[in-house]
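Visitor: Pasting a structure below so you can have a look.
The values are calculated or read from the model by the stated rules, or taken from the named source; none is laboratory data. Keep in mind that this is a model prediction, so the values were computed, not measured. Cβ sites come from the backbone with ideal geometry, for glycine too, and all protein chains shown count toward neighbours.
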């Protein structure tokens, strides 16, 4: 019965193909005009479960559906190179995506449903063809990695082609979003063709583990959510004034004295776990060790690192930024950044350099003496640059590139040409982007995406509506904006509220950084985002609601 | 041994507005005594006792010698949850009741239905939830669910105040009760959309009467909240039968009079069932003739300013509840708990009798942007600020001290498994998910 039906179905399919093609819709990041959705209409009813987020660059879907049988469907790796077909990273991804697609339902428990019950042809396999497995499989993603992929979903075998494993990961995510379950528990996917690549190469999330410690589980959950949204950089702002949770191998006292408690620490094993967990999702981990400001917690475990503040001739007992006039400072930083360079495999380290308060330096007689000797006058920005310069040189000597907050550029430090400047100040950031790129430096944008600044209502719209390249500048300048980051500073955030605060609001930033510039329709985004939110819920991410409504599967675990 | 002594029995009863929640706690070497007039006071005292017990670095539990005499400043200390804008699974409601008890809240205001969905399974009108819930199977509260909530609350000395808000906020009632809502008109023909409950039909009052009869038997509290807020007159104005009725009744163009006509009849229905009514402030503002013991719920922050409204309501002789400055769903960046804490409900010009009419207030967590994924961190510890304002003495206002105690309390909540968010930078011994 099954086979005969299949053949008949195939013939019928061929017969109906022209009719089907007529109903094929082209979505080239196209604008759709939809009727105004009454604000309280439940979205779950009206949006197809296979809507995508972020929207691919080029997408063609048809109404023709294919069935998947969880017990038979396979994901198979083929490679263009002769290096063999073993790739742990992709095998792990296959397993993960299999669970995301089929795992949340209880198809296993219900027993196999005969496919003959539906007329759709069966999709047996997703063939993943990666042009070059190396160095991806065992290597790390980097700024220049290719994340492009081409996906063809048609029976009996769908094909996902990518130059590198990173593109395969992105394509797997998209494929998993296309597969949906119908009311009868059957798994379906529409015939589609997708050609996709990210608009921006640097799409990051900043997490702050100093203002509040974040348990490992929380960080890993967040990496999962990032992968669902095609984010590819975890900017780990690991230490700051309040606490120093990073357990240094060379300087164990830093966390011994500087962490909130021994339970609030990231051991080398913890750090390795985060890096590997991220890598298997195609996510770079860029650590930030912010100096010379934001360093109160460093002083607890490293004597004489911070500048003693003075009241007249007397030290007050309190400390300011890192002391830029002592050789011991640079001896320490040389050793410290040697460790950081080897612990974190990414080509870049974020060195911070923001919000340096000069009051303490100004009060210190030795610093004042140094200023005179150096001929800096009373311009403490010069002292700040003097310090930063030396740190930049130290880090360069370890063959790392560096990212800095915008003050480092604003205060005219001498930067290497491949320095990435992170623009964070909200006041006229477009102007700053012009300046930074005008001076020839690459820039990433964070200013409009401080997600810790919560407010009442659908603020995702505000994040979605940002256009990073809306600044006065030449084509070459615009090319220097390599992406952006959604920042979740930790003053009011820890594991109790991180996930709902970050998701799905950060998803808006994710689409802005991946999808085409002309994907701006808020109504369409609202529908797809609401659906994507339900999808994240199904995958165990406690993303908060976009607006009034419900998700079909949320009430489980009553 | 903690000896608990309760003067009046009442283990099997329900708490009420008049329940006495005072208690005395005496902890000294060789003797620990908690005494209260009622079981409700004993519950409050137990909570306090549990907060006094500490644990030292060696793992030893200890308690300081203590003398406490305590009673609430206001008898009505409530929390509103909205299960219509988003369905809340039972466990979320039950957990919220637990944390309410930790904070000495004693009223759960269940805003159970509204425009977007009708999750309440009515035995008299099963079609209401069948047609009006987001999903009639997975997103409803069955009779046994409701009983569970009632009992879980009762065991914590918490009253359950149900709200069936009409005539506005009732779009979800329409599908399951054809003819209940006003059909809106476009010119001479119905547009296909609906507005508030239709106040001119007898069938409306028969329906509402039956429903509220059921509600009054399901929910044991003396009071029912009947809503009455934000009625949009556009649809009524468009409907020719209503226009005719307005003329008949001599209401002119004043649709507030029509609204009041409806509310009046509803209030009469409720009191004929033997229940008391709580209404949103519009009912008072629109000059509806309400019985003197109708409680007016002040929710608007301005027009007029809420303190002025409290003065007006209490001067007119009515009891009042305050929610206006305590809309916890309105999130903003920073330590907004401080603004909630600094509210002084009695800071208006009035006689002592007037001030006595302010029964208390409620922190509201409207559900447009809230469901089980973010309910607990958004509620706690922010609602704790409201809890102290309503329980503690008016002179307890020091923000610095409150910060320290609330931050410590938040760590305690974490220890009790509550996903309460941080107040500010810092840490707890044991982090959530750590």
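Visitor: Considering the range B:99-111 alone, what residues qualify as being crowded, with 24+ Cβ neighbours inside 10 Å and either at pLDDT below 95 or part of a loop (DSSP other than H, G, I, E, B) (or both)?
Guide: B:103, B:105, B:106
Visitor: Another question about this same structure. Hey, does the range A:202-215 have a residue that's in contact with a helix residue (DSSP H, G or I) (Cβ under 9 Å, 6 or more places away or on another chain), surrounded by fewer than 20 Cβ atoms within 10 Å (Cβ to Cβ) and at pLDDT 95 or above?
Guide: No, the range A:202-215 contains no residue that is in contact with a helix residue (DSSP H, G or I) (Cβ under 9 Å, 6 or more places away or on another chain), surrounded by fewer than 20 Cβ atoms within 10 Å (Cβ to Cβ) and at pLDDT 95 or above.
Visitor: Right, something else. Can you find even one residue in the range A:463-481 that is in contact with a helix residue (DSSP H, G or I) (Cβ under 9 Å, 6 or more places away or on another chain) and within 14 Å of chain B (Cβ to nearest Cβ)? Even if it seems obvious, please write down each step before you answer.
Guide: Applying the first criterion (in contact with a helix residue (DSSP H, G or I) (Cβ under 9 Å, 6 or more places away or on another chain)) to the range A:463-481 yields A:463-474, A:476-481.
From what's left, within 14 Å of chain B (Cβ to nearest Cβ): none.
Checked against the condition, which is being in contact with a helix residue (DSSP H, G or I) (Cβ under 9 Å, 6 or more places away or on another chain) and within 14 Å of chain B (Cβ to nearest Cβ), the range A:463-481 yields no hits at all.
Visitor: Another question about this same structure. Test residue A:519 against the criterion of being touching a residue at least 12 places away in the same chain (Cβ under 8 Å), in a loop (DSSP other than H, G, I, E, B) and within 11 Å of chain B (Cβ to nearest Cβ), and give yes or no. Step through it out loud before you land on a result.
Guide: Details: touching a residue at least 12 places away in the same chain (Cβ under 8 Å): yes; in a loop (DSSP other than H, G, I, E, B): yes; within 11 Å of chain B (Cβ to nearest Cβ): no.
No.
Visitor: Moving to a separate point now. Could you tell me how many of the residues in the range B:158-170 are in contact with a helix residue (DSSP H, G or I) (Cβ under 8 Å, 6 or more places away or on another chain) and either modelled with pLDDT under 95 or in a strand (DSSP E or B) (or both)? First the steps, then the outcome.
Guide: If we filter the range B:158-170 for residues that are in contact with a helix residue (DSSP H, G or I) (Cβ under 8 Å, 6 or more places away or on another chain), which is where we start, we get B:158-160, B:162, B:164, B:166-167.
With either modelled with pLDDT under 95 or in a strand (DSSP E or B) (or both) added as a condition, the list becomes B:159-160, B:162, B:164, B:166.
Looking only at that region, the number is 5.
Visitor: Still on this structure, please answer the following. Scan the range A:482-511 for residues that are within 26 Å of residue A:242 (Cβ to Cβ), more than 10 Å from every other protein chain (Cβ to nearest Cβ) and out of contact with any strand residue (DSSP E or B) (no Cβ under 7 Å at 6 or more places or on another chain) and jot them down.
Guide: A:505
Visitor: Being within 14 Å of chain B (Cβ to nearest Cβ) and part of a loop (DSSP other than H, G, I, E, B) is the filter; apply it to the range A:216-242 and report the residue that is surrounded by the most Cβ atoms within 10 Å (Cβ to Cβ).
Guide: That would be A:239.
Visitor: With the condition kept exactly as written, say whether any residue in the range B:120-128 is within 20 Å of residue B:213 (Cα to Cα), touching a residue at least 12 places away in the same chain (Cβ under 8 Å) and within 14 Å of another protein chain (Cβ to nearest Cβ).
Guide: Looking for residues that are within 20 Å of residue B:213 (Cα to Cα), touching a residue at least 12 places away in the same chain (Cβ under 8 Å) and within 14 Å of another protein chain (Cβ to nearest Cβ), one finds none in the range B:120-128, hence no.
Visitor: Scan the range B:130-157 for residues that are assigned to a helix (DSSP H, G or I), under 15 Å from residue B:90 (Cβ atoms) and either away from chain A (no Cβ under 14 Å) or in contact (Cβ under 8 Å) with a residue 40 or more places away in the chain (or both) and jot them down. Break it down into steps so the answer makes sense when it comes.
Guide: Applying the first criterion (assigned to a helix (DSSP H, G or I)) to the range B:130-157 yields B:130-132, B:143-154.
From what's left, under 15 Å from residue B:90 (Cβ atoms): B:143-153.
Across the range B:130-157, the qualifying residues are B:143, B:145, B:146, B:147, B:148, B:149, B:150, B:151, B:152, B:153.
Visitor: Regarding residue A:167, is this residue farther than 18 Å from residue A:279 by Cβ and touching a residue at least 24 places away in the same chain (Cβ under 8 Å)?
Guide: Values: farther than 18 Å from residue A:279 by Cβ: no; touching a residue at least 24 places away in the same chain (Cβ under 8 Å): yes.
Against the criterion (farther than 18 Å from residue A:279 by Cβ and touching a residue at least 24 places away in the same chain (Cβ under 8 Å)), residue A:167 does not qualify.
Visitor: While we're looking at this one, here's another question. Could you please find all residues in the range B:47-74 being without any contact (Cβ under 8 Å) to a residue 24 or more places away in the chain and either within 14 Å of chain A (Cβ to nearest Cβ) or in a strand (DSSP E or B) (or both)?
Guide: At the first step, the residues of the range B:47-74 found to be without any contact (Cβ under 8 Å) to a residue 24 or more places away in the chain are B:50, B:53-62.
Correct list: B:54, B:55, B:57, B:61, B:62.
Visitor: Quick one: residue A:462 ticks every box in (1) within 21 Å of the chain's Cα centre (by Cα); (2) assigned to a loop (DSSP other than H, G, I, E, B); (3) more than 26 Å from residue B:432 (Cβ to Cβ) bar one, so which box is it?
Guide: The one condition residue A:462 does not meet is (2).
Visitor: Within the range B:171-182, identify whether any single residue is part of a strand (DSSP E or B), in contact (Cβ under 8 Å) with a residue 24 or more places away in the chain, farther than 30 Å from residue B:77 by Cα and in contact with a helix residue (DSSP H, G or I) (Cβ under 7 Å, 6 or more places away or on another chain), and answer yes or no.
Guide: Residues of the range B:171-182 part of a strand (DSSP E or B): B:181-182.
From what is left, the residues that are in contact (Cβ under 8 Å) with a residue 24 or more places away in the chain are B:182.
Now drop any that are not farther than 30 Å from residue B:77 by Cα, which leaves B:182.
After this cut, where a residue has to be in contact with a helix residue (DSSP H, G or I) (Cβ under 7 Å, 6 or more places away or on another chain) as well, the list is B:182.
Checked the range B:171-182: at least one residue is part of a strand (DSSP E or B), in contact (Cβ under 8 Å) with a residue 24 or more places away in the chain, farther than 30 Å from residue B:77 by Cα and in contact with a helix residue (DSSP H, G or I) (Cβ under 7 Å, 6 or more places away or on another chain).
Visitor: Which one is nearest to residue A:214 (Cα to Cα), of the residues in the range A:243-264 that are in contact with a strand residue (DSSP E or B) (Cβ under 8 Å, 6 or more places away or on another chain) and either in a loop (DSSP other than H, G, I, E, B) or away from chain B (no Cβ under 14 Å) (or both)? Talk me through it step by step, then tell me what you get.
Guide: Within the range A:243-264, the first condition is being in contact with a strand residue (DSSP E or B) (Cβ under 8 Å, 6 or more places away or on another chain), and the residues that meet it are A:245-247, A:254-255.
Restricting the remaining residues to those that are either in a loop (DSSP other than H, G, I, E, B) or away from chain B (no Cβ under 14 Å) (or both) gives A:245-247, A:254.
On the way: A:245: 10, A:246: 12, A:247: 14, A:254: 18 Å.
Residue satisfying both the conditions and the ranking: A:245.
Yes/no per residue for (1) in contact (Cβ under 8 Å) with a residue 60 or more places away in the chain; (2) under 18 Å from the mean Cα position of the chain (by Cα); (3) closer than 28 Å to residue B:422 by Cβ; (4) in a strand (DSSP E or B):
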{"site": "A:482", "(1), (2), (3), (4)": "yes, yes, no, yes"}
{"site": "A:496", "(1), (2), (3), (4)": "no, no, yes, no"}
{"site": "A:506", "(1), (2), (3), (4)": "yes, yes, yes, no"}
{"site": "A:510", "(1), (2), (3), (4)": "yes, yes, yes, no"}
{"site": "A:526", "(1), (2), (3), (4)": "yes, no, no, no"}
{"site": "A:546", "(1), (2), (3), (4)": "yes, no, yes, no"}
{"site": "A:550", "(1), (2), (3), (4)": "yes, no, no, no"}
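Visitor: A follow-up question, please. Examine the range B:340-355 for a residue that is within 14 Å of chain A (Cβ to nearest Cβ), in contact with a helix residue (DSSP H, G or I) (Cβ under 6 Å, 6 or more places away or on another chain), at pLDDT 95 or above and in a loop (DSSP other than H, G, I, E, B), and state whether such a residue exists. Show your work before the answer.
Guide: Initial filter on the range B:340-355 (within 14 Å of chain A (Cβ to nearest Cβ)): none.
No, there is no match, as no residue in the range B:340-355 is within 14 Å of chain A (Cβ to nearest Cβ), in contact with a helix residue (DSSP H, G or I) (Cβ under 6 Å, 6 or more places away or on another chain), at pLDDT 95 or above and in a loop (DSSP other than H, G, I, E, B).
Visitor: Report whether or not residue B:382 is more than 8 Å from chain A (Cβ to nearest Cβ), surrounded by fewer than 22 Cβ atoms within 10 Å (Cβ to Cβ) and closer than 22 Å to residue B:106 by Cα.
Guide: Working: more than 8 Å from chain A (Cβ to nearest Cβ): yes; surrounded by fewer than 22 Cβ atoms within 10 Å (Cβ to Cβ): no; closer than 22 Å to residue B:106 by Cα: yes.
Taking the combined requirement at face value, the residue does not satisfy it.
Visitor: Taking the range A:427-457, which residues are assigned to a loop (DSSP other than H, G, I, E, B), out of contact with any helix residue (DSSP H, G or I) (no Cβ under 8 Å at 6 or more places or on another chain) and either away from chain B (no Cβ under 14 Å) or within 20 Å of residue A:350 (Cα to Cα) (or both)? Can you show your working first?
Guide: As a first pass, look at the range A:427-457 and keep what is assigned to a loop (DSSP other than H, G, I, E, B): A:427-428, A:439-441, A:446, A:451-454, A:456-457.
Among the residues that remain, those that are also out of contact with any helix residue (DSSP H, G or I) (no Cβ under 8 Å at 6 or more places or on another chain) are: A:427-428, A:440, A:446, A:453, A:456-457.
Once the filter is applied, which keeps residues that are assigned to a loop (DSSP other than H, G, I, E, B), out of contact with any helix residue (DSSP H, G or I) (no Cβ under 8 Å at 6 or more places or on another chain) and either away from chain B (no Cβ under 14 Å) or within 20 Å of residue A:350 (Cα to Cα) (or both), the range A:427-457 yields A:427, A:428, A:440, A:446.
Visitor: Report those helices (runs of 4 or more DSSP H) wholly inside the range B:360-434 carrying at least 3 residues which are in contact with a strand residue (DSSP E or B) (Cβ under 9 Å, 6 or more places away or on another chain). Steps first, answer last, please.
Guide: Working: elements: B:375-379, B:382-391, B:399-415.
So the answer is B:375-379, B:382-391.
Visitor: From the list B:44, B:77, B:85, pick out the single residue that is outside any loop (DSSP other than H, G, I, E, B) and either within 14 Å of chain A (Cβ to nearest Cβ) or closer than 18 Å to residue B:224 by Cα (or both). Walk me through it before giving the result.
Guide: Values: B:44 fails: either within 14 Å of chain A (Cβ to nearest Cβ) or closer than 18 Å to residue B:224 by Cα (or both); B:85 fails: outside any loop (DSSP other than H, G, I, E, B).
Only one candidate passes the filter, namely B:77.
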